[in-house]
Amino acid sequence: MDLFRRVPQLFAGLFLYGVSMALMVESNLGLNPWDVFHQGLAEVTGISFGWIVLLVGVPVLLLWIPLRQRPGFGTVANLVVVGFSADAALAVLPAGEGLPARIGYLVGGILLNGFATGLYIGSRMGPGPRDGLMTGLAARFPTISLRLIRTGLELSVLGAGFLLGGTAGIGTIAYAVTIGPLVHLFLPALTVRPRPAPADHRVLPVRV
């Protein structure tokens with residue numbers, strides 16, 4: 001029965017995650033490392049930001065195969081929903097004109113990103129392609145800390161995205177500093193806990 005909560009929560013989280021990405025794009029103050037890469041590719045190819053998010057997710061997901069990672073329903077949903085919701089939000093959001101509006105977009109985007117991350121991870125229906133790559137590498141190379149693997153991946157895509165023309169700036173730093181505490185704040189309240197197994201009330205014979 002908890003699927004009636006988990007599935008809507010998953011899709012709400014993924015949709016809001018895409019909206020949070022669009023808010024940070026419109027702030028023009030810096031994106032998270034993966035989105036710097038996505039935006040850089042969008043600049044070079046002329047493909048929309050959301051479609052780039054989707055297309056990059058495909059080869060990332062294929063990298064799960066040698067790592068023996070298994071995608072969940074949420075993984076596939078993440079691949080599709082986030083990119084489309086980002087493009088939809090970018091189509092309707094007014095441009096951030098003036099520094100106060102841009103700061104508002106940035107702060108709102110980071111806060112919404114933390115909340116959305118808590119929603120979709122808390123649904124327990126599978127990590128996104130990029131998160132799964134990180135945890136898969138950590139499982140494949142247990143002598144390397146998860147923090148080091150994440151840092152290496154994000155510095156790599158950040159550098160590549162910056163060279164391609166993606167926006168890195170104060171927003172990139174703000175995201176890196178705040179997203180961990182935000183997810184830590186939201187995730188416990190948003191995680192769907194497994195239901196306990198029903199107790200067995202059968203009367204057992206008493207041995208005498």
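The values are calculated or read from the model by the stated rules, or taken from the named source; none is laboratory data. Quick caveat, the model's predicted, so the values are computed rather than measured. When we count neighbours, we look across all protein chains shown, and the Cβ atoms used for this are built from the backbone with ideal geometry, even at glycine. Each accessible area value is taken on the protein alone, full model and side chains, heavy atoms only, with ligands, DNA and RNA left out. Shrake-Rupley method; radii C 1.70, N 1.55, O 1.52, S 1.80 Å.
Considering Val53, Val44, Val19, the condition of being open to solvent by 20 Å² or more (accessible area, probe 1.4 Å), within 19 Å of Ala116 (Cβ to Cβ) and at pLDDT 95 or above is satisfied by Val19 alone. Within segment 149-159, is there a residue that is open to solvent by less than 30 Å² (accessible area, probe 1.4 Å) and in contact with a Leu (Cβ under 7 Å, 6 or more places away or on another chain)? Checked against the condition, which is being open to solvent by less than 30 Å² (accessible area, probe 1.4 Å) and in contact with a Leu (Cβ under 7 Å, 6 or more places away or on another chain), segment 149-159 yields at least one hit.
Cβ-Cβ distances below 8 Å connect the following pairs, each with a first residue in segment 56-83 that is on the phi > 0 side of the Ramachandran plot, a second residue that is of a type outside the set (S, T, N, Q) and surrounded by 15 or more Cβ atoms within 10 Å (Cβ to Cβ), and a separation of six or more residues or different chains: Arg68/Gly136. Here Val92 does not fit the description of being aliphatic (A, V, I, L, M) and in contact with a Leu (Cβ under 9 Å, 6 or more places away or on another chain). Test each condition in (1) at pLDDT 95 or above; (2) in a helix (DSSP H, G or I) for Leu29 and report the one that comes out false. Evaluating Leu29 over (1) at pLDDT 95 or above; (2) in a helix (DSSP H, G or I) leaves (2) as the failure.
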